[in-house]
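Here the structure is laid out as structure tokens; the discussion comes afterwards.
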Amino acid sequence: MKSYIVGNWKMNFSVGESSVYLHKLLQKLPRHRNLEIVVAPSLVALQPLSLQTDRKKIRLAAQTANPHDFGAYTGAVSCTQLRGIVDYCIIGHSERRQLFHETDKDVRATVAAALRNQITPILCIGETETERTFGETHDVLRDQLLGGLSEVSTEDLSKVVIAYEPVWAISTTTDARLAAPDDISEVAGFIRQILRESYGKTIATSLPILYGGSVNPSNAGAYLTVPDVNGLLVGSASLIADQFVEIVEIAKRVQD
Ligand code: 13P
């Protein structure tokens, strides 16, 4: 299966800085048949960067989108408007759920909107620290996964990418709070089990599952070799060219 390295730039870089940074990445990144490299710049940078990027090397993702196609939704941008500009859309990121109050209903409607606009949804799921402490991880992940996919037609299911991002492991600098590869393996196996029970073996084995949460060049190799993990969703390390390129190089070595 293809491996994915996705850089979520979050709310960083001006449009000019994004362009300079993309230029640097395009120069430094190797091209690899089985490696999909995606970056998710700020919304304002997407359109100019879509004209600049070489899509054979780096594809673009939006960090969120509104589930409606058009209408009176001041400040929102829809998948219909993003169509042709991005190939992917990150949907249901925990920061969107927590800080912007995106609900499961919003998430599933946006997943459906992305698919009807030829955009690949990267559906993010992950438990909070409290949910983990109370032993609710599996229930939360099952609800977010099946909820997020509930408006997807059988034929479109194979076009979805899943990203597991435990909320407690995002943006941590303490080793003790990093997710252990064994824990990720258990969760990735659980996600495949739920997919198998709900949609059958073909979907369960073919959907890519990415891991995200404080990924850096020192731990990327360990995460990429976790069974059932097909790539990484990288936050802060994706903002530093040397680190992002190193993570891609590691993914390339793991693929070869
Ligand atoms: P960090 O890699 O900074 O922990 O961010 C992870 C993330 O939220 C990517 O979407």
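Couple of notes before you dig in:
- A single entry from Ser218, Ser171, Ser238 fulfils the requirement of being surrounded by fewer than 21 Cβ atoms within 10 Å (Cβ to Cβ), within 17 Å of the chain's Cα centre (by Cα) and hydroxyl-bearing (Ser, Thr, Tyr): Ser171.
- Residue within segment 65-84 that is within 16 Å of the ligand (Cβ to nearest atom) and touching a strand residue (DSSP E or B) at 6+ places or on another chain (Cβ under 8 Å) present: yes
- In the condition set (1) assigned to a helix (DSSP H, G or I); (2) of a type in the set (A, V, I, L, M, F, W, C); (3) under 30 Å from Phe70 (Cα atoms), Ile162 is compliant with all but (1).
- For segment 118-140, the tally of residues that are in a loop (DSSP other than H, G, I, E, B) and within 15 Å of the chain's Cα centre (by Cα) stands at 2.
- Inspection of segment 189-206 finds no residue satisfying the criterion of being closer than 20 Å to Arg142 by Cβ and within 11 Å of the ligand (Cβ to nearest atom).
- Residue list for segment 7-20, restricted to those being within 20 Å of the chain's Cα centre (by Cα) and farther than 22 Å from Ile170 by Cα: Ser18
- Filter pass, Thr154 being hydroxyl-bearing (Ser, Thr, Tyr), over 19 Å from Ser94 (Cα atoms) and within 13 Å of the ligand (Cβ to nearest atom): no
Listed here are the residues, each with its yes/no results for (1) among the aliphatic types (A, V, I, L, M); (2) closer than 20 Å to Val38 by Cβ.
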site	(1), (2)
Gln144	no, no
Asp156	no, yes
Phe190	no, no
Gly200	no, no
Tyr223	no, yes
Val229	yes, yes
Leu233	yes, yes
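- Qualifying residue in segment 52-74 (condition: farther than 21 Å from Pro208 by Cα, loosely packed, with under 15 Cβ neighbours inside 10 Å and of a type in the set (Phe, Trp, Tyr)): yes
- From Tyr223, Tyr199, residue being in contact with a strand residue (DSSP E or B) (Cβ under 7 Å, 6 or more places away or on another chain) and among the aromatic types (Phe, Trp, Tyr): Tyr223
- Extreme residue, nearest to the ligand (Cβ to nearest atom), among residues of segment 207-242 that are out of contact with any helix residue (DSSP H, G or I) (no Cβ under 7 Å at 6 or more places or on another chain) and part of a loop (DSSP other than H, G, I, E, B): Gly235
- Members of segment 1-25 found to be closer than 17 Å to Ile85 by Cβ and more than 16 Å from the ligand (Cβ to nearest atom), listed by number: Val15, Ser18, Ser19, Leu22
- With a requirement of 1 or more residues that are among the small types (Gly, Ala, Ser) and over 18 Å from Val152 (Cβ atoms), the helices (runs of 4 or more DSSP H) lying completely within segment 1-117 that satisfy it span 15-28, 43-52, 94-99.
- Matching residues, segment 174-195, being polar (S, T, N, Q) and loosely packed, with under 13 Cβ neighbours inside 10 Å: Thr174
- Given (1) within 16 Å of the ligand (Cβ to nearest atom); (2) under 17 Å from Glu127 (Cα atoms); (3) touching a Lys or Arg at 6+ places or on another chain (Cβ under 9 Å); (4) not charged (D, E, K, R), number of the condition Tyr88 does not satisfy: (2)
One line per residue, one yes/no per condition, for (1) more than 26 Å from Val248 (Cα to Cα); (2) surrounded by fewer than 21 Cβ atoms within 10 Å (Cβ to Cβ):
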site	(1), (2)
Tyr4	no, no
Cys79	yes, no
Gln98	yes, yes
Ala109	yes, yes
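- Here Val111 does not qualify as more than 21 Å from Asn8 (Cα to Cα), away from the ligand (no atom under 13 Å from the Cβ) and either modelled with pLDDT of 95 or more or in contact with a His (Cβ under 7 Å, 6 or more places away or on another chain) (or both).
The values are calculated or read from the model by the stated rules, or taken from the named source; none is laboratory data. As the structure is a prediction and not an experimental result, all values here were calculated from the model. Note: ideal-geometry Cβ built from the backbone for every residue, glycine included; neighbour counts use all protein chains shown.
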